[in-house]
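Encoded as structure tokens, the structure appears first; notes follow it.
The values are calculated or read from the model by the stated rules, or taken from the named source; none is laboratory data. On a predicted model such as this, the values are computed, not experimentally measured, just so you know. Positions of Cβ are backbone-derived with ideal geometry, glycine not excepted, and every protein chain shown enters the neighbour counts. Ligands, DNA and RNA are excluded from the accessible area calculation, which covers all protein heavy atoms including side chains. Shrake-Rupley method; radii C 1.70, N 1.55, O 1.52, S 1.80 Å.
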Amino acid sequence: MLRPLFAVLCLGGTALGLNNTYGDNSDVKALAEKTACGSAQCSVKTLSEARSALKQSFGYQTALVEQGKAAQGASADVVCEREYVLLGAYKCTVVSGGLPAAH
């Protein structure tokens, strides 16, 4: 009884990991771009992208243009991870760089 259960758990974990690595990630990209911009509306260009079974990493060049002010630009590295290792919603955080806080 224990061996079949273990085999099913391994196959399920493998399937979830493959989905995280090779599945459609357009919603994760949108969340990462929003996280890179912070609370402000900005434009982003993707510099790098890496995916694994456990997380997705993105590098962005961001640009914030405010009316009457010079454009502000910065690079931002964003990491997105699921809530429960292989399951749950993605949560993205800026790990380095980013636009300065809006005043």
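Odds and ends about this structure:
- Of the residues making up segment 15-50, just one is open to solvent by less than 50 Å² (accessible area, probe 1.4 Å) and in a strand (DSSP E or B), namely Val44.
- Beta carbons closer than 6 Å, at least 6 apart along the sequence or on distinct chains, pair a first residue in segment 1-28 that is under 10 Å from Ala53 (Cα atoms) with a second that is open to solvent by 70 Å² or more (accessible area, probe 1.4 Å) for Thr21/Arg51.
- Given (1) more than 25 Å from Leu16 (Cβ to Cβ); (2) surrounded by fewer than 15 Cβ atoms within 10 Å (Cβ to Cβ), index of the condition Leu54 fails: (1)
- Among the conditions (1) in contact with a strand residue (DSSP E or B) (Cβ under 9 Å, 6 or more places away or on another chain); (2) open to solvent by less than 60 Å² (accessible area, probe 1.4 Å), the only one that Gly12 does not satisfy is (1).
- Yes/no for Ser48 being over 13 Å from the mean Cα position of the chain (by Cα), of a type in the set (Ser, Thr, Tyr) and closer than 30 Å to Gln67 by Cα: no
- Selected residue (only one of Ala7, Ala76, Ala89, Ala53 is hydrophobic (A, V, I, L, M, F, W, C), part of a loop (DSSP other than H, G, I, E, B) and modelled with pLDDT of 90 or more): Ala53
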